[in-house]
Amino acid sequence: LPAVSVAIGVDWGFATPGAAVVARELADGSWQVIEEVQKQGMLPEWWQEKIAELWKKHHAKVIWCDPEDAARIATLTEEGLPAKRANNDVHRGIRYISSLMQRDMILVDKSCKVLSSQLTDYHWKQYSGGARSEDPVKENDHLCDALRYAIYSSVRSSRRKGGSRVTYGGAKIR
């Protein structure tokens, strides 16, 4: 299927790995992840160059960035890149991504091995009594966050512009 648009999601990092995901929205509403980057200890300048490279290579419409670092987003924008603050509604974003996965509407290229592993290991915190927390475990999830930024922010942005309604089922993530 042809791509309707291409988005990049970015999760900033230094002490923990930074991550970027390139995702194509297909004509049927499904998404295809076509490239991943995850590196630890890289300076903002390195990320700026890498993100610009991904944007040019894949002709991305938008770069959805972790909103925690407004200065990095501003720097990308000043360089002429279409960088925006990602929607950081963690719970709704996770539920939306989970609903797409349950319907086989997220395809991950076989070259994206780290993302595939992170998606497999992604889970909710558990309390000592066995009850599930409302928060995911924040460990080895950087590409998952970048994926959520790319897809959920794109869909939410489309909705604000009169696009299709964002819906999701009661999808569960272990």
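Phi angles of the range 26-43 translate, via the Karplus equation with coefficients 6.51, -1.76, 1.60 and θ = phi - 60°, into HN-Hα couplings of 9, 4, 8, x, 7, 10, 10, 8, 10, 7, 10, 9, 9, 9, 10, x, 8, 6 Hz per residue; Gly and Pro are given as x. Over all other residues within a Cβ to Cβ distance under 11 Å of S30, the charged ones net out to -1, with Lys and Arg as +1 and Asp and Glu as -1.
Expressed as a whole percent, the accessible surface of the range 1-144 that belongs to carbon and sulfur atoms is 51, based on a 1.4 Å probe. FRET efficiency for V114 and M42, Cβ-Cβ distance as r, R0 = 22 Å, nearest 0.05? That gives a FRET efficiency of 0.90.
If contacts are Cα pairs under 8 angstrom and at least 6 residues apart, what is the relative contact order of the range 9-128 in percent?
Working: 146 pairs, mean separation 31.3, N = 120.
Computed over the range 9-128, the figure is 26 percent.
Only Cα pairs under 8 Å and 6+ residues apart enter the sum, and on that basis the relative contact order of the range 1-63 stands at 36 percent. Once backbone amide H atoms are built at 1.01 Å from N, L107 has W31, Q32, V33 as its partners under 5 Å, excluding neighbours fewer than 5 places away on the same chain. Here the Karplus relation 6.51 cos²θ - 1.76 cosθ + 1.60, evaluated at θ = phi - 60°, turns the backbone of the range 100-116 into coupling constants of 5, 5, 5, 9, 6, 10, 10, 10, 10, 4, 4, 6, 8, 5, 5, 4, 4 Hz, with x for every Gly and Pro.
Specify whether the C-alpha gyration tensor of the range 1-156 places it in the rounded, prolate or oblate class, a ≥ b ≥ c being the square roots of the eigenvalues: rounded for a/c under 1.5, otherwise prolate if a/b is larger than b/c and oblate if not. Let's see the in-between values first.
Numbers: a/c = 1.73, a/b = 1.23, b/c = 1.41.
Here the range 1-156 falls in the oblate category.
The values are calculated or read from the model by the stated rules, or taken from the named source; none is laboratory data. All values reported here derive from a predicted model rather than from experimental measurement. Cβ: placed from backbone, ideal geometry, glycine included. Neighbour counts: every protein chain shown. Keep in mind that these areas ignore ligands, DNA and RNA; they rest on the heavy atoms of the full protein, side chains included. Shrake-Rupley method; radii C 1.70, N 1.55, O 1.52, S 1.80 Å.
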